[in-house]
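Engineer: Below you'll find the structure I mean.
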Amino acid sequence: MKRGTLIALAIAIALLIALPRIITHEFYINMASQCLIFAILALSCNLMLGFGGMVSLGHAAYIGVAGYTCILLTVAGWNPLLAAIAALMVSTASAGLFGMLSLRAPGLGFLMITLALGQIVWGIAYRANNLTGGDNGISLPARPQPFGFDITGATSFYYFTLIVFAVALFGMGRFARSPFGASLMGTRDQPRRMRMLGHNVWMVQWLTFVIAGFWGSVGGLMFVYYNVFLSPHALTLQQSAEILLMAILGGASSLTGPVVGAVIITLIKNVASTYVERWNTLLGAIFIAVIIFMPLGLVPGFRALWQRFASRNKPKPTAPAPEPAE
Amino acid sequence: MTPALAIDGLNKRFGGLPATRNVSFTVMPGERRLIIGPNGAGKTTLFNLMTGDLTADAGSVRLFGHELIGMPTQKRVHLGLARTYQILTLFPKESLLHNVKLALLGLDPVRWNPWTVLSARTAMNDAAHAALSKVGLDSSADRIVAETSYGERRRLELAMALAQKPKVLLLDEPLAGLSQEERKTVSALLKTIPRDVTIVMIEHDMDTALEFAERITLLHYGEVIVEGSRAEVVADPRTREVYLGD
């Protein structure tokens, strides 16, 4: 890792740890937790979008499958840890099924199938009143106590979310640099060539779908722990689109891009909306501006600007002095 | 001896247009086979049928006795088939080293590992450098493909194919678009490929190709019309009529 990256990473870690002491207001600490939860969701969506070239409009389905499973099992008297593990398993298995269906069609067809699957999960959540509480939603009796730690308060929950986020970021970072990640990016760029190099393109894409589903489920579970409640409003098409937008806005080709996108969109949704009535218009305007000026997203865009700036300030090599005439 | 490649009654139609018609021939292990024919004769289609890029309507392709028809492309590669493309198919934003690593990964079970760091796998790094070294590109290993010359990219394609240690190598116009100097370099490279690799090559540069080939198959309108040793095919009046001219 480069020295500059290490310094930036150290500063980011220090800031994230010190955040509840800097912004002491509970509202903003909760906002920071929300940013981290949506960052996990955006990162997981980006595994498919940025590294795999698969655009999904059904990612919010994992919030639903993981969230409802966890709540229903907890209400049924399961141990919260077992309920969480079961929820992750059920949701990841559903990702496996969704992947099998979605990968039958490339490009736009893939997008439409993921959208349809997301809508099916939303429809079930909306209609299955006995199970999900329908439009009214259902509540989680209480936040769990991982290893005996109480995460009821805003600060303790923030630190719990920060740990989960750090694990997710590290896991997905390793994924991106791994042999599997290299195969995935190859299938994104040249699927035909990758087949001729011996790679099973379908299997690589399907496994990515499943891994993204797993991390999406982790994000979904954290979403439920944060709200202690789940209703179909959390699984709408708009929610899936926002997660996708977070990845695109920040920069789908990078690891940190979706995190930046998640922070910006969550802040605009929750903070700017208290001052600006038409916050959706503001979000749209920001998105259009970013796409026009930084088509690859904010992080790659600013990185390119920085490189241009750095190269301009570099001293130019001086021409060699002419050799003296004999 | 089991043929390296045995093609029997291979047919492919694109709508009403027959691309290959009842193509049959065998290539023995270690052989250097040249496929020639005018544009549109079905040469690249034949390669695509062998690799599985296209699905055959009828017929059989056997690689050392294994039936390839109906088998996914990647499995054919695992059986020892490799190819280069007429239109370069590389990963232009990546380094030359990474391109070769993708070729090596294709046959390595580590490709399923989502946890280890690829750049830290020293054995793979060394193997990729060795493959690049064979085609004289090791000093450019860290350069991005998009910044290299056409000739270097041709050599990279060859390095990727050879890195997989194939049993049968299909070369689709490996000299196309190269300058005279580059042609000499690539031709010399082809001669260094060991005899345990069977080579089937499509090439229009007849001076180089004839020097390289041991047996030649002439395709015309998707049919094999002449097949034999270099001398037999060149002497055949049908070869002059449809391809070489007077």
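The numbers here are math on the coordinates, done by the rules we state, and not lab data. Nothing here was measured: the structure is a model prediction, and the numbers come from that model. We place every Cβ from the backbone using ideal geometry, glycine too, and count neighbours over all the protein chains shown.
Engineer: Can you tell me the dipole magnitude for chain B around its Cα centre, using point charges on the Cβ only (Lys, Arg +1; Asp, Glu -1), in Debye to the nearest 20?
Structural biologist: Details: 29 positive and 29 negative charges, 121 e Å.
So the magnitude is around 580 debye.
Engineer: How large is the direction-averaged shadow of the alpha-carbon convex hull of chain A, in nm²? Don't skip to the answer; put the middle values down first.
Structural biologist: Working: hull surface 91.5 nm².
Over every viewing direction, the Cα hull of chain A projects on average to 22.9 nm².
Engineer: A follow-up question, please. Let me have the relative contact order for the stretch B:90-165, percent, based on Cα pairs under 8 Å that are six or more residues apart.
Structural biologist: Working: 77 pairs, mean separation 37.1, N = 76.
49 percent.
Engineer: Pairs of alpha-carbon atoms within less than 8 angstrom and 6+ residues apart define the contacts here; what relative contact order does chain A have, in percent?
Structural biologist: Numbers: 450 pairs, mean separation 95.0, N = 326.
For chain A, the relative contact order is 29 percent.
Engineer: Once amide H atoms are placed 1.01 Å from N in the peptide plane, what residues at a sequence separation of 5 or more from B:Arg13, or on another chain, have their amide H within under 5 Å of its amide H?
Structural biologist: B:Ala19, B:Asp57
Engineer: I would also like to ask the following. Please list, ordered by chain and number, the residues whose modelled amide H lies under 5 Å from the amide H of B:Thr217; skip anything fewer than 5 residues away on the same chain.
Structural biologist: HN-HN under 5 Å from B:Thr217: B:Leu34, B:Ile35, B:Ile36.
Engineer: To the nearest 0.05, what FRET efficiency results for A:Lys269 and A:Thr152 with a Förster distance of 25 Å applied to their C-beta separation? Let's see the in-between values first.
Structural biologist: Values: r = 24 Å, r/R0 = 0.97.
After rounding to 0.05, the efficiency reads 0.55.
Engineer: Continuing with the same structure: What's the center-to-center distance, using Cα atoms, between the stretch B:77-145 and the stretch A:155-224 in Å?
Structural biologist: 22
Engineer: So, in Å, what gap is there between the alpha-carbon centers of the stretch A:55-100 and the stretch B:11-43?
Structural biologist: The distance from the Cα centre of the stretch A:55-100 to that of the stretch B:11-43 comes to 53 Å.
Engineer: Tell me what chain B gives for mean residue ellipticity at 222 nm when only DSSP H runs of n ≥ 4 count, each as -39,500 (n - 2.57), the sum divided by the residue total, rounded to 500 deg cm²/dmol. Could you put the intermediate results ahead of the total?
Structural biologist: Details: 8 runs with 77 residues, N = 246.
About -9000 deg cm²/dmol.
Engineer: Using only Cα atoms, what is the ratio of the radius of gyration of the protein assembly as shown to 2.2 N^0.38 Å?
Structural biologist: Numbers: Rg = 29.0 Å, N = 572, 2.2 N^0.38 = 24.6 Å.
Ratio of Cα Rg to 2.2 N^0.38 Å: 1.18.
Engineer: Using Cα-Cα distances under 8 Å and only pairs 6 or more residues apart, what relative contact order does chain B have, in percent? Could you put the intermediate results ahead of the total?
Structural biologist: Working: 440 pairs, mean separation 67.8, N = 246.
This gives 28 percent for chain B.
Engineer: Still on this structure, I have one more. Within the stretch B:206-246, what residues put their amide N at less than 20 Å from the label point 7 Å along the Cα-to-Cβ vector of B:Lys191?
Structural biologist: Backbone N within reach: B:206-216, B:230-231.
Engineer: Which FRET efficiency value, to the nearest 0.05, is calculated for A:Gln145 and A:Ala166 with the Förster distance at 22 angstrom and r the Cβ-Cβ distance? Don't skip to the answer; put the middle values down first.
Structural biologist: Values: r = 20 Å, r/R0 = 0.91.
With R0 = 22 Å, the Cβ-Cβ based efficiency is 0.65.
Engineer: What are the extents of the Cα atoms of the stretch A:1-95 along their three principal axes, listed from largest to smallest and rounded to whole Å?
Structural biologist: Result for the stretch A:1-95: principal-axis Cα extents of 46, 38, 22 Å.
Engineer: Shifting gears a bit: Taking a threshold of 28 Å on the Cα-Cα distance, which of the pairs B:Lys43/B:Lys167; B:Lys43/B:Lys93; B:Lys12/B:Lys184; B:Lys93/B:Lys134 fall above it? Walk me through the numbers before you get to the answer.
Structural biologist: Numbers: B:Lys43/B:Lys167 20 Å; B:Lys43/B:Lys93 30 Å; B:Lys12/B:Lys184 35 Å; B:Lys93/B:Lys134 22 Å.
Over 28 Å Cα-Cα: B:Lys43/B:Lys93; B:Lys12/B:Lys184.
Engineer: Over all alpha-carbon pairs in the stretch A:159-215, figure out the percentage whose distance exceeds 17 Å.
Structural biologist: Working: 686 of 1596 pairs.
More than 17 Å apart: 43 percent of the Cα pairs in the stretch A:159-215.
Engineer: Springs between alpha-carbon pairs under 10 angstrom, Gaussian network model over chain A: which of A:Leu97, A:Leu184, A:Leu245 fluctuates most?
Structural biologist: In the Gaussian network model the winner is A:Leu97.
Engineer: Sticking with this structure for a sec: I want to verify a result. In a Gaussian network model of chain A, Cα cutoff 10 Å, which of these has the top mean-square fluctuation: A:Leu47, A:Leu15, A:Leu296?
Structural biologist: Judging by the Gaussian network model, the answer is A:Leu15.
Engineer: Evaluate the distance, in nm, between pseudo-label points positioned 7 Å from the Cα of A:Val228 and of A:Asn129 along their respective Cα→Cβ axes.
Structural biologist: 2.7
Engineer: Looking at chain A as a GNM with Cα springs under 10 Å, which of A:Gly186, A:Gly297, A:Gly107 has the largest mean-square fluctuation?
Structural biologist: Answer for the Gaussian network model of chain A: A:Gly107.
Engineer: Next question, about the same structure. Taking every residue in B:91-98, how many Cβ atoms of other protein chains lie within 10 Å of its Cβ, on average?
Structural biologist: Values: counts 7, 2, 3, 4, 0, 0, 0, 3.
The per-residue average across the peptide is 2.
Engineer: Mind jotting down the distance between the C-alpha centroids of the stretch B:158-225 and the stretch A:230-258, whole Å?
Structural biologist: 49
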